[in-house]
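Following: one structure in structure tokens, then a few remarks.
Just so it is clear, none of the values below were taken in a lab; they were calculated from the coordinates. Predicted, not measured: the structure shown is a model, and the values here were computed from it.
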Amino acid sequence: MIVAMQEFATEEQIDTVIEKMVEHGVNVHRTTGASQSILAGVGPTQTIDLTVFEQMPGVMYVHRISSPYKLAGRGFRPQGTIIRFENGVEIGGREVVVMAGPCSIENEAQIHETARRVKAAGGKFLRGGAFKPRSSPYAFQGLGIPGLKLMHEAARANGLLTVSEVMEISQIDSMLPYTDLFQVGARNMQNFNLLRELGHLRKPILLKRGIAGTIEELLLSSEYILAGGNYDVLLCERGIRTYETATRNTMDISAIPMLHKLSHLPVIADPSHGTGKRDMVIPMALASVAAGADALIVEVHPNADKAASDAAQTLYLEQFEEMMRVVAAVAKSVGRSI
């Protein structure tokens, strides 16, 4: 259930409503806009008489949520969520934020050169995999925490934030000092134990759509994180598996405006994994921005053909610089910037 408080309702009135909701056996999540608070009640709300709350001082309206995702739904934050980072970067506002870097962190020279060029081109995040979930057990699995330290050093030296994938609960604590944005990969979209644990953090989470996940399943997965009290979640469209074999995945551009319609959470697009084809990354990045993506995450490498993983979909740094130029033009045409 959603209880929308009147504009400028007092804290005493809000606390009284929260206490009444708790008495009815629901967990309450509060979000506050510029002048209004929204109280989301999660739990056995089907039998609650909503008129009890409609008559309380300070309440504007009450309604029952029919969708299975209560906190991820647009009704919880009608104005939308803006995720703010310590250095002033915001995702979900007017600016389209770009994240770029290698699929795998390989060595110091590689990650420092990439960081320098990403920053110069206008990127805000350095991405890189320290723990790599690979289909083959014999493929390169990443450098682990030493690699993450290298990326953090390179990012900070160039005024960038970091984003890297977490694969299991045991990695969270060791990654915390070096990671500004935790990425949950497609294979872990429904790793509910991991999602619950990430809900206890107060660091943003980038949640990728599963390989064959529906939009509803993605939103329900985000609900696990939100229910823990971590409301800073990015939903990532990265392509889904279909019967088409011409591309690595089928990138669902329509998911971007649909997610904005259904949810208040920012949406990020990953055209690298979405296509698996280097020559398709830029066109799909442009389409994503035109469709309303709040951020882009792409794979780039100083020597893309020799990348330890995902070479076929990785941009050379010169291609990334060109991408930033044309993305800026599309962003401007839809009233945004990079």
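Couple of notes before you dig in:
- The angle separating the long axis of helix 108-121 from the principal Cα axis of greatest extent in the chain is about 60 degrees.
- Rg/Rh (Cα only; Kirkwood hydrodynamic radius) as it applies to the chain: 1.00
- If you take the Cα centroid of region 281-332 and the Cα centroid of region 70-121, the two points sit 14 Å apart.
- Rg(Cα)/(2.2 N^0.38 Å) for region 1-115, N = residue count: 1.51
- Pairs from LYS70/LYS203; LYS20/LYS124; LYS124/LYS306 whose Cα-Cα separation, in the structure shown, is over 32 Å: LYS20/LYS124
- Sorted largest first, extent of region 173-292 alpha carbons per principal axis (Å): 39, 31, 25
- Taking all C-alpha pairs of region 2-66, those more than 13 Å from each other amount to 57 percent.
- Cα-based Rg of region 90-179 normalised by 2.2 N^0.38 Å, two decimals: 1.08
- Helical contribution to [θ] at 222 nm, DSSP H n ≥ 4, -39,500 (n - 2.57), averaged over the chain, rounded to 500: -10000 deg cm²/dmol
- Degrees, to the nearest 10: 278-291 long Cα axis against longest axis of the chain: 30
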